[in-house]
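Right, one structure below, let's go through it.
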Amino acid sequence: MKNVILLCTCFLIFISSLWAEDSSKPGVIFKEISTLHCLGVRWTIHGDANENAVVDIYYKVKGSKEWRKGFPLFRTHPNPHSSNQSKIHTIKGGWMFAGSIVGLVPDTEYEIKLNLNDPDGGKKEELLTLKTWKEPVEPKDIKKIYVMPGNGGGDGSKGSPFKGLQAALPKAQPGTLFLLHKGVYVKGDCPENTLTLKTSGIEGKPIVFRALGDGEVILDGGGSDSTKGRLISAENIKHVWFEDFTIQGRMYAIVAHGGSNWVIRRCKFIKVNKGFTAHNGGYNDSQHHFISDNSIKGPTHWPRKKGIESYCLTYMSGSGHVIAFNKMSNVGDGMHGTGYGNLSASDYYRNDINVATDDGLETDYGQFNVRVFENRMRNIIHGITAQPSHGGPIYIFRNLIYNTPLSPFKLNNHTTGVLIFHNTCLRQGDGFRIVPANETVTNIITRNNLFLGTSSYGLKTTGRMRRCNFDNDGYGGFKSFASWNGQKIKTIVAAKTATYKNRNKFYNQKGAFLINTATCFESGMLPPKNNKHEYTLKELNFSLAKKSDAVDKGVILPGFNDNFHGKAPDLGAIELGQKPLHYGPRKTTDK
């Protein structure tokens, strides 16, 4: 009898342990550093071995009554490749859930409610308060110091400006504004034609360098985009601003490794290889760079003739960064990712990119809550990249991408954790190509996109697709719908019932939509017939036609398409009747 009781007890303990693994136990919540329009969180959840727990998110302006629903937190899966694994995403005996709330008002406090629900047990509600960042504005009591071209002399007053930046630098203290008269600086003024900064500003008291407004101010490194060295060098320097300059004549224009809280605003970069470079940025080491309303023009050509070229506006890592309203022309990458540090909780939006002989915008080596949205790009080899994402989520939404000879999205290096929503993509050939050779592509979600091509496949993959969830996208211009995990799928209808390995079906919910490319857009715009042609903005109009097959075909994605018109959201980046957005530098921004 005792043996029977012991056996039953062991059995119950065994069953209990299995149940305990399926139930969820909430762990630590991490609040991401904020940006102007987005907030992010992470929540460690232990257990949930059968992966059926959900974390819903709700938010409201602090003190208001009505809660709004956001997009549920994303269950991350670490990058499966040994060289790209993220220890932060790897939770022993559990999962990391992470996610963003987008489309928020700057400088506003929000209440956030997280609801964990697991049918196997583990229900929990948590309340948080976070505040969005605000666009940097100089303090009212900032001390003004005047500078004119020269090689020494002056006292920095309005009547007797310092002659040259090197003469003015000893006065650099927190809360200082250097106002530069028209002319050329650094070249012939600073040692080795490099302006070296050794003093940081502090929170609320930046060190600001700005053109006075009486004519063009040029910071010149005395060479060209191939001249080695730095024009502005600042290691581990924080709270420094550069505004309204032409910056030229050195391979590296501004280098701020390990720095934080830099503002680069309304500057024009020419004859440089890299605009703003800031490597080695750990999450807490390099935060809140604000790069806006700048332009860079490089020497690259369309179609590309030299292979991959390295010209770019930014080359940086860290967290909390905003890169917005910039114009990049004739570059290699618009924005270049870096493995020297990782990228989290940062936003790229409203940038305008034309001619990039490699990638438009890179989120490479991204960790958590990187958001790329409302950008416009054309004549680029790849549109937006995640090569790799270490686990995500990387959000890519409402971007306009035209003429990408290789693909609108580059998902290489065993990438994992990318959410692709409401993008409009037109290219010659396959509508959407995922071709990372035989690498894994894991945990990718697509919804409400337009992928329009001219031949062959609507969707072609060579990677080993794992745990992916593609649904409710529109495809047009193809001959055969998909090539997926080695399977050929002739039609959109057949795709609804097609299955593949690793527990998933392919387009098994609502399925994809067939889009007539000839009637999709109001202007009659079609996918490019010749990807070697450099298409101009006059040839492109992404506004949907009233009878477009994309109208009212979208599914609701809380937080991403709440303000849709009609019966349902439309496919693609722009709703029917929506006013055009502004891309690139704004005409006026607050000083």
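The values are calculated or read from the model by the stated rules, or taken from the named source; none is laboratory data. The model shown is predicted, which means the values in this text are computed figures rather than measured ones. With ideal geometry, Cβ positions are generated from the backbone for all residues, glycine too; neighbour counts draw on all protein chains shown.
Some notes on this structure:
- Checking each residue of the range 295-306 against the condition of being among the hydrophobic types (A, V, I, L, M, F, W, C) and surrounded by fewer than 17 Cβ atoms within 10 Å (Cβ to Cβ) gives no match.
- Qualifying residue in the range 182-190 (condition: surrounded by fewer than 20 Cβ atoms within 10 Å (Cβ to Cβ), at pLDDT below 95 and either in contact with a helix residue (DSSP H, G or I) (Cβ under 6 Å, 6 or more places away or on another chain) or not basic (Lys, Arg) (or both)): yes
- Strands (runs of 3 or more DSSP E) lying entirely in the range 131-198 (those with 2 or more residues that are under 35 Å from the mean Cα position of the chain (by Cα)): 176-180, 183-186
- The set of residues in the range 157-173 being of a type outside the set (S, T, N, Q) and out of contact with any helix residue (DSSP H, G or I) (no Cβ under 6 Å at 6 or more places or on another chain) consists of 158, 159, 161, 163, 164, 165, 167, 168, 169, 170, 171, 172.
- Residue in the range 115-135 that is in contact with an Asp or Glu (Cβ under 6 Å, 6 or more places away or on another chain), more than 23 Å from residue 289 (Cβ to Cβ) and exposed (fewer than 14 other Cβ atoms within 10 Å of the Cβ) present: yes
Conditions tested, residue by residue: (1) in contact with a Phe, Trp or Tyr (Cβ under 9 Å, 6 or more places away or on another chain); (2) in a loop (DSSP other than H, G, I, E, B); (3) more than 30 Å from residue 265 (Cβ to Cβ).
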site: 523; (1), (2), (3): yes, yes, yes
site: 560; (1), (2), (3): yes, yes, no
site: 578; (1), (2), (3): no, yes, no
site: 585; (1), (2), (3): yes, yes, no
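- Of 345, 356, all but one fail to be touching a residue at least 40 places away in the same chain (Cβ under 8 Å), buried (at least 24 other Cβ atoms within 10 Å of the Cβ) and under 16 Å from the mean Cα position of the chain (by Cα); the exception is 345.
- Qualifying positions in the range 215-233 - part of a loop (DSSP other than H, G, I, E, B) and over 14 Å from residue 250 (Cβ atoms): 215, 216
- Residue list for the range 239-253, filter: in a strand (DSSP E or B) and charged (D, E, K, R): 243, 250
- Test: residue in the range 200-213 that is among the acidic types (Asp, Glu) and modelled with pLDDT of 95 or more: yes
- Contacts under 6 angstrom Cβ, first residue in the range 216-232 being touching a residue at least 12 places away in the same chain (Cβ under 8 Å), partner in a loop (DSSP other than H, G, I, E, B), 6 or more apart: 216/182; 217/182; 217/245; 219/245; 220/187; 222/187; 230/194; 231/221
- Inter-residue pairs, beta-carbon under 8 Å, first free of Cβ contacts under 8 Å to residues at least 60 places away in the same chain and surrounded by fewer than 21 Cβ atoms within 10 Å (Cβ to Cβ) and in the range 446-472, second aromatic (Phe, Trp, Tyr) and outside any strand (DSSP E or B), 6+ apart: 455/478; 456/478
- If you check 48, 107 for being touching a helix residue (DSSP H, G or I) at 6+ places or on another chain (Cβ under 7 Å) and of a type in the set (D, E, K, R), only one passes: 48.
- Residues of the range 416-442 that are of a type in the set (A, V, I, L, M), out of contact with any Lys or Arg (no Cβ under 9 Å at 6 or more places or on another chain) and crowded, with 24+ Cβ neighbours inside 10 Å: 418, 426.
- Restricting attention to the range 404-415, the residues being surrounded by 24 or more Cβ atoms within 10 Å (Cβ to Cβ), under 10 Å from residue 385 (Cβ atoms) and either touching a residue at least 60 places away in the same chain (Cβ under 8 Å) or of a type in the set (Val, Ile, Thr) (or both) number 1.
- Selection within the range 478-509 - hydroxyl-bearing (Ser, Thr, Tyr), surrounded by 15 or more Cβ atoms within 10 Å (Cβ to Cβ) and modelled with pLDDT under 90: 500, 507
- Hey, residue 390 over 15 Å from the mean Cα position of the chain (by Cα) and at pLDDT below 95 or not: no
- Residues that are touching a Leu at 6+ places or on another chain (Cβ under 9 Å) and surrounded by fewer than 18 Cβ atoms within 10 Å (Cβ to Cβ) within the range 140-157 comprise 142, 143, 144, listed in sequence order.
- If the condition is being hydrophobic (A, V, I, L, M, F, W, C) and either touching an Asp or Glu at 6+ places or on another chain (Cβ under 7 Å) or more than 22 Å from residue 473 (Cα to Cα) (or both), then the range 517-543 contributes 520, 537.
- Residue check, residue 430 in contact with a Phe, Trp or Tyr (Cβ under 8 Å, 6 or more places away or on another chain), part of a loop (DSSP other than H, G, I, E, B) and not polar (S, T, N, Q): yes
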